Each structure stands twice: as C-alpha cells, then as structure tokens.
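Right, one structure below, let's go through it.
The values are calculated or read from the model by the stated rules, or taken from the named source; none is laboratory data. This structure is a prediction, so every number in the text was calculated from the model and none was measured. All Cβ positions, even for glycine, are placed from backbone atoms using ideal geometry, and neighbour counts span all protein chains on display. Protein only, heavy atoms only, side chains kept; ligands, DNA and RNA dropped before computing areas. Shrake-Rupley method; radii C 1.70, N 1.55, O 1.52, S 1.80 Å.
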Amino acid sequence: MSPPASPASRRRARWREWVALSALLLAFTALLAGLQVFERIDNLWRDQLGRWTRHAASPGIVLVVIDDRSLAEVGRWPWPRTVHAALLDRLALARPRAIGLDLILTEPDAADVHLAAAMQRAAPVVLPVLLLDRSGAGSLERVSPTAPLAAAAAAQAHIHLEIDPDGIVRSTFLREGRGDAWWDQFGLAVLRAGGFQPTTLPGRRAPPPSDASGRAWLRDHWMQIPFAGPAGSFRTVSYVDVLRGDVPADTFAGKYVLVGATSAGMGDAYPTPWSAGSDLMAGVEISAHVMNALLADLRLERATPAQDIVFALLPVALALLAVMWLAPTASLLGSAALIVLVLLSSALAQRLLGLQLAPSAAVAGVALAYPLWIWRRLRAATDYLLEESACMEQRRDLPAMQPGARTVDLLDRHIDGLRGASEQLRNLHRFVSDTLDSLPDATLIADTGGVVLMHNQMAQRHFGDTALRGQRLDALLRDVLRTGTRQAVLPEGRLAQDPQPWSAEACDARGRDLLAKFAPCFNTDGALTGWIASLTDISAIRAAERQRDVALRFISHDMRSPQSSILALLELHRMTQADAAQSLQPDTVDRIERHARRTLELAEEFVQLARAESSAYQLTLLDLGELLGDAIDEVWPQAQARRVRFTQERPPGPALCEADRGLLLRALANLLGNAVKYGREGGTVDCTLRANGADWTLGIRDQGPGLTPAQQEELFTAWRRLAPEGGSPGVGLGLVFVRTVATRHGGRIEVSSRPGQGTLFELSLPRAEG
C-alpha cells in the first residue's frame, strides 16, 4: 500500500473539493432561485411580512356592499336595473367623486335606459368588462356591458385578479388589452374617473409583444397588492341602507364609492394574505385595496428572477468562504447568522424598498453549505485515518491491532477502522510514555526551538520542583558546564545549527558529574521535528574511579612497602650469615614482625571498610552500654601498655538500638583505640552514653594533643593519614570506617577538638523501643 498523501497534496485536494462544491452549490442555488422552486414558501414569508407592515385604509374610499341582509330584504339576485338606478340617484345627492359599479351588466334589460339615465345624473360611473374563453381554446374575448350602459359609463375597466398556485390573490395587472384597446384595472379606472392621475403606474412592466398582429391579449404593470388589512378595513355600508336613505349624505360626499357584492352566495370572494381559514375577501374590496395603494403611493413589486438569483448567490458564496476559512463551530454560527441576515434583508427590502425578494433559495443554499463541506471533510479525514491505520497494520515492528468484528454496514466498518486506529495511537502513545519513564537517565523531548514538550520522571527528579514543560533547554542547562571549562554544555542557538547528535561531559552547580547527550528527531520526510536531550549522572562512576586510583596508590605503596622491607631484611640476612645454621638477630626479627603486623593491619582495615560499605548488615537489638564495655575489653591490652584508664558514664537502664553488632563493636574499638593511641600516656579516656532526643549519643574524650581545624576537615577522608604531635601516623581508613558504619545505621559521627585540649568524638545512633 502506498503511503498516505503529503500535507501539500492534501491541501491541494481540499482546494479542488471546495471549488467543485462551490460551483455545484452555486449552480444549484441559482437554479432554485430562477425556477422559483420554493415559490409557495416564499409567498408565505411575503404574506407574513405584509401582515407585519400594516397600512392605513384611506377614509376617502367607501364600500356599498350587497350583503346577506340586502339580499334578504330586496330579493333574490339578479335585481331589476331600476333598483340600481334608485341607488345611483341616492348616491348622486351626496355628490361623490366617482362611483365604481362592480356588477356584471352584460345581459340586455328593458330597464337599461333607466339605469343609463341614472348613471348620467350621478357622478362618473365606471363599469367592469369581462374576458371569456367562449371557444375553450384559450382565446379570450371581451364581454362589455350592454350598449346603453356602456355609452353612459365614464369608463370601462377589467376586474381580473391574479390567483397564485396556492389559490391566494396577491397581485393584479393595472393594464390589460390587445392592440390599441387597453383597459385599466377597476380601482385605477375609478380613481381616474374621479380626477386622480398617478404620475407613474407601479408594477413590473411587460416585455414588448412578440405578436405583431395585435390579437394577443396583453397585460402590463404587474402590481403586488399591499393590503391595508383583513376584510372590513374600509368604511362599509349596506346596499339596502343606502337605498332606504338611512345613510347620511356626507358619508359619500367627495368620496370614491365602490358598489359590489360581499355576500358569500354571490361567489365573488377570494383568499388573500390576510385570510384566516374561511375568511375571504370580496373582489370589490380587493379593488379598494388597489385604490388605497395608488392613493398613498404604496409600491410593492416582485423581484425579477435575476434579482432573486443574485440575492441567493451572495450569502451562499459567503457561507462557502466561511466553511473554508473558519473553524467548524465558527462556520456553523456564521451560517446561522447568514440565514438570519437573509431573512432580515428580505424583510427590510420589502418594508423600505417595496421589493419582494425570495429568500428560500438563499436559505437552502446556506443551510446546505455547512453539512456538505463537513461531510466532505469528514470523509477525507476518515479516508486518511483509514489509510494511516492500514499502514500501521502493515508495520511489523509494532504490536498488531486487534481485528474488529466484520460487519456489512459501511459506516460500521469505518467506525471500527477508526476505533482500531485510535486504539493503536493510544497504545503507541502509552508505549512511548512508558518507555520514556522507564529510562534510567533524565530525558527531555523538545521541539525544534528547544522548548520542552515531554520529560520523564527522572528528569523531574533531576531538576527538582521546576516546571519543565514549556521551558527552554538552554535555560534549564545554563548552569551545566563542560568539564574543565566555563562554557555551557548547550550554548544558546546550538540547536538551530546543523542537526547532528553530540555529547559532552559536564558538571552542574550541585557538583554532579553528568554526561549530556543531544540527538535530533526527524519525520518520515527527513525534516527536523525536535530534539532528545538526556543527562546521565556519572558522579558515582567518577567517584569510584577516583577511589580506585587512590586504592591503587595505596596498594602500590603502603602495602608493598612493608613487604619490600621484609624481603630486603631477609636478603640482607642471607648475605651476612656465616653459615646456614646461623639464626636471625633479635632486632631483625622485631623489624620483620613490625612490617608483617603493619601489612596485616592495612589488609584488615581495608577489608573492614569494604564490609562496612556493603549492604549485608545483620541488625539486632542490642544495648549500647554493654557494647561499650565489650569494646573497652578489646582495647584493654593497648591501654595497659600505655597506662591509660577508662571512665564510663551510662544511663541507669539499657540503651537499646538496632545495629550490626560486629561492625558497631569494631567502630567503637577504633574510636577507643585512637583515644588510647593518641592520648596522653598515663592519662584517662572518658566515655559517656546519654539520651539525646530520638538518639543515643556516645562520647569518647581523650587527653591528647588535639587537632587543628585543618586536620579536622581531613579527618574522615580516606587514605589521609594524620600524625598528631606525639603520635605515629595511621593508615587512613579507621575513621572512614566509623563514619560509614554510623551513616549506614542512620546515625552520625562528630568531632570537637582544640590543640592542647584533647579530642572528643560523639557517635549518635537512633534509639530503639525495648
């Protein structure tokens, strides 16, 4: 299997995916906006915005409605034309500005002349025309009122309304017709009949006609009706009340009067954006809303497909940029903010500009950008992890992953693969961490700049309470100097040079001898990724080497010297003897004996020191008072030879402690022997044993010449032989043996002396419970 793609190739692949996804999503969004796939949803949003922006109903518009009460009192529909003539005569008395008679009067009637005369006596009257498809072939024909009525009317107008696919009336065309014959919408015609002339007509203009014959029916000025409110928003009076004269004349004076049917049985009612359930609005009232918008110059226009496409593409492009450059959480919040911004922008455009934008395509595009991109990134991440896990499975130098249960589901297989890869990574991390902690040396792992990333427990123990992570290596090792120089073992900037491993012996501020090693780390591409620094404490090795050198000098001189003297004496005797039977002279024998005893003494002290430094201690509970007496008995012959007396001061009870009897007896004998040897001949050695806190303190004082401060500093140094005034030099191991025994028992040895005042040795050992 080929290795996983490099970071550079993954970045290029990510850019290619983003460009492809952006192109597809932008094209898809443009298609949604151009084809108005979500037209119903957009219409519902526009309706809601219209209900939030309610307009005032003009008091200059009055409706005279044929309601159920009028039908009940006047009679069944259709009514005689004389009834309408009587209504017009009543309205004429109030002198309205114009009257819109929204009634279908296309069938001839004998009373048409009476109605026509009433129309001429009243204010300008506008009548509606019909468009009918008589042949059923889609060819519309105009059906006008009867000839007498058409002649008496101030204008004829169409009453057609646009019904959207969801059955709701939201718009109308202000102009309809063919060739040179055009008709205004009914409300516009009433306004013009009353003398109101809009400067410009609102609504989207129609393209130029493609039919040059002039027979095609054309429509222009597509107006979105800005409804002032629900049904009943305008001043409304009943037809029968006007007919009886129950309505004051000033109700209609100078007003635009629309006469039409509102009774449900008349069939002239439609659902509007303000309709709730079965609450319909009559056609005559819809015309009143058109008139209200024209009077108040309220313009509401549907956005063109091009405008909707641009409005949809802009936020989708921003969402795509967000998912590319921002973190997942930030891009998700950014997408949500863009959706809110789209809805807010469409609301402001309708409220301030009178432009109805379609936000659904934009919302859909923005909502799809985040999950599609995250899906692609998760897919890429999954594929990469699966490739990595497959590569890790092929590694023979690492523990194999446990195979997961085989499953048919693709997602489950990917999850199992990721779980295995994750488990392998955790195992490797644990393996590296355990390996690092198991190293016997202080080890630190740093990045390329020398900042510590990881360390083991030995490193923490080496540097004490210092927080290591985040520290710079050169700062941590500032006091670690190369052996024999004042140069730091890691000079500043050394890690930035050629990445080659190196090592050097050094010494830190605490006097520890160290071996510092530095090794670079590289990734699979050969690039430097960090450094591994290790500090090996070689103080014990160097101390052992120094002790070995001293021991070799001791063996080569001190132990060889007596043996050489014995051989020289024997050779001298061989050369001077008269015959083989001649015996040795007494002084020669004495000299040979002294040299032999000295050799034995040296060997004995060397062996005892080696035993004291070993770990094979046999601890028993013993009484220090009794042990002191045994030690005095051991040195009694030497004391008798120098006429030295011993005094003892002990506690009344036993002085118990846990100790190796043989080693501690030897240490006490060494102290007592030194007191006898270096004390005043015929003098006294004072021995005191007392309790001192948690310890027993045994003091041995002689009456010798005492020690200088310089001699006291070297007193417990191996192979240093002091010769106090009046005494012979020692081997140099006896007091080292005493200090070693005291330390191994958890105690200490202290000396106090002045020249001419004798010497006091105090041995302190932990007390034991009896």
remark   = If the chain between ARG661 and ALA27 were fully extended at 0.36 nm per residue, the gain over the current Cα-Cα distance would be 218.5 nm
task = Please work out how much length the chain gains when fully extended from ALA216 to GLU162, using 0.36 nm per residue of separation minus the C-alpha to C-alpha distance, in nm with one decimal.
result = 17.6 nm
query = Say a paramagnetic label sat at a point 7 Å from the Cα of ALA641, along Cα to Cβ; which residues of the range 659-695 have their backbone N under 11 Å from it?
reply = 677
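Once the cut-off is 20 Å, how many percent of the Cα-Cα pairs in the range 148-219 end up in the long-distance tail?
41 percent
What's the whole-number percent of alpha carbon pairs in the range 1-121 lying beyond 25 angstrom? Each step should come with its number before you reach the end.
Numbers: 4561 of 7260 pairs.
Value for the range 1-121 (Cα pairs over 25 Å): 63 percent.
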request  = Provide the packing ranking of 116-128, 429-441, i.e. peptides ordered by the mean count of other C-beta atoms within 10 Å per residue, highest first.
outcome  = 116-128, 429-441
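I'd like to check one number: the per residue accessible area of the range 87-244, probe 1.4 Å, reported in Å² as a whole number. Intermediate results must be reported in sequence, preceding the final value.
Details: 7080 Å² over 158 residues.
Averaged over the residues of the range 87-244, the accessible area is 45 Å².
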inquiry  = Starting from the 7 Å offset along Cα-to-Cβ, what nm value, one decimal, do you get for the label separation of ALA475 and ARG494?
reply    = 1.8 nm
task = Specify whether the C-alpha gyration tensor of the range 219-277 places it in the rounded, prolate or oblate class, a ≥ b ≥ c being the square roots of the eigenvalues: rounded for a/c under 1.5, otherwise prolate if a/b is larger than b/c and oblate if not.
result = prolate
query = What's the local net charge at ALA94, with K and R +1, D and E -1, over the other residues with C-beta under 12 Å away?
reply = +2
request  = Set the Förster distance to 56 Å, then compute FRET efficiency between ILE538 and TRP52 from the Cβ-Cβ distance, nearest 0.05.
outcome  = 0.10
ask   = In percent, what relative contact order does the range 148-288 have, based on Cα pairs under 8 Å that are 6 or more apart in sequence?
value = 24 percent
query = In nm, to one decimal, how far is the modelled label at LEU44 from the one at VAL451, with both set 7 Å along Cα→Cβ?
reply = 5.4 nm
inquiry  = Give me the percent of accessible area attributable to carbon and sulfur for the range 465-550, probe 1.4 angstrom.
reply    = 49 percent
task = Sum up the charges of everything whose Cβ sits under 11 Å from the Cβ of HIS158, counting Lys and Arg as +1 and Asp and Glu as -1, but leave HIS158 out.
result = +1
query = Can you work out the FRET efficiency for the pair ALA150 and SER345, with r the C-beta to C-beta distance and R0 = 51 Å, to the nearest 0.05?
reply = 0.55
Label-to-label distance, nm, for residues given as ARG205 and ALA8 (7 Å Cα→Cβ offset) = 5.8 nm
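Summing +1 for each Lys or Arg and -1 for each Asp or Glu, what net charge is found among the other residues whose Cβ lies under 11 Å from the Cβ of PRO59? Don't skip to the answer; put the middle values down first.
Details: positive: ARG235, LYS255; negative: none.
Summing Lys/Arg as +1 and Asp/Glu as -1 gives +2.
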ask   = Roughly to the nearest percent, how much of the accessible area of the range 227-287 is carbon and sulfur, given a 1.4 Å probe?
value = 50 percent
inquiry  = Taking all protein chains in place and a 1.4 Å probe, what share, in percent, of the accessible surface of the range 302-361 do carbon and sulfur account for?
reply    = 81 percent
Order by protection proxy (mean Cβ within 10 Å, highest first), peptides 177-183, 42-48, 58-64 = 58-64, 42-48, 177-183
ask   = What order do you get for 658-671, 454-467 when each peptide is scored by the mean count of other beta carbon atoms within 10 Å, highest first?
value = 658-671, 454-467
message = Suppose R0 equals 22 Å. What FRET efficiency, 1/(1 + (r/R0)^6) with r the Cβ-Cβ distance, do LEU619 and ASN692 give to the nearest 0.05?
response = 0.60
